[in-house]
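This report refers to the structure that appears directly beneath it.
No lab work stands behind these numbers, since they all come straight from the coordinates. Since this is a predicted model, take the numbers as computed values, not measurements. Don't worry about glycine lacking a Cβ; one is built from the backbone with ideal geometry, like all the others, and counts go over all protein chains shown.
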Amino acid sequence: MKPEVAYIALGGNEGDVIANFKRALKGLGDVLRVNAVSSLYETKPLGIKEQANFINAAFSATTTLDPFKLLKRLKLEEKFLGRLPRKERWGPRPIDLDLLFYGNKIVRSEELVVPHPAVFERDFFIVPLLEIASDEKLKNELKNALDNIILRGETFIIQKLEDLSWREFVTSLLMGL
């Protein structure tokens with residue numbers, strides 16, 4: 001299969017979330033090559049409000065897996081890092097890996113929808129993507145969506161996190177160290 005660029009969101013609010021992000025990026029190294037990684041953002045929880053704030057980020061990567069196999073691998077990585085199936089939606093979790101975009105492909109199935117159905121509705125997806133997106137058309141769409149979110153007052157991001165260990169990790173990952 002021809003290599004494609006995928007954009008994947010990272011999120012979590014249980015345990016050492018940043019360590020889980022690092023483990024996920026390393027653990028997925030056998031099926032993708034990371035191209036860019038965003039900063040970390042502290043965000044309010046969506047849905048269930050009585051839980052800890054989340055940490056969110058995003059990354060782009062090149063992969064030869066088709067979108068369904070990539071999704072399966074992302075879910076396997078979540079399980080490996082301690083995410084258990086839960087009945088409630090939007091509850092606490094140690095890690096969440098969401099496939100946001102897969103090249104220019106559109107996928108609509110019971111198992112997978114790409115682009116992610118909420119990608120243009122949540123600032124915790126948009127802001128990290130704006131840092132790493134290379135396509136100008138996509139950047140413009142993201143900026144317009146972010147403007148609309150701000151106008152509606154539906155923001156979740158509390159602050160950008162400055163974490164030196166994250167920056168050092170990302171730099172070494174991207175340099176192949």
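Ranked for footprinting exposure by Cβ neighbours inside 10 Å, fewest first, Asp66, Asp98, Asp16 give Asp16, Asp66, Asp98.
Of Tyr102, Tyr7, the sequence from fewest to most neighbouring Cβ atoms within 10 angstrom is Tyr102, Tyr7.
Say a site is exposed when it is one of the GluC sites (Glu not before Pro), sits in a DSSP loop, and has at most 12 other Cβ atoms within 10 Å; what is then the longest site-free stretch of the chain? Let's see the in-between values first.
On the way: sites that count: Glu50, Glu88, Glu110, Glu111, Glu154, Glu162.
Answer from the scan: 1-49.
When Thr155, Thr171 are arranged by Cβ crowding within 10 Å, least crowded first, meaning fewest neighbours, the order is Thr171, Thr155.
Three principal axis extents of the chain based on alpha-carbon atoms, in descending order, are 42, 36, 35 Å. In this label model, Ser109 and Glu154 are separated by 2.8 nm, measuring between points 7 Å along each Cα→Cβ vector.
Taking every C-alpha pair closer than 8 Å and separated by at least 6 residues, the mean separation divided by the residue count of the chain gives a relative contact order of 31 percent.
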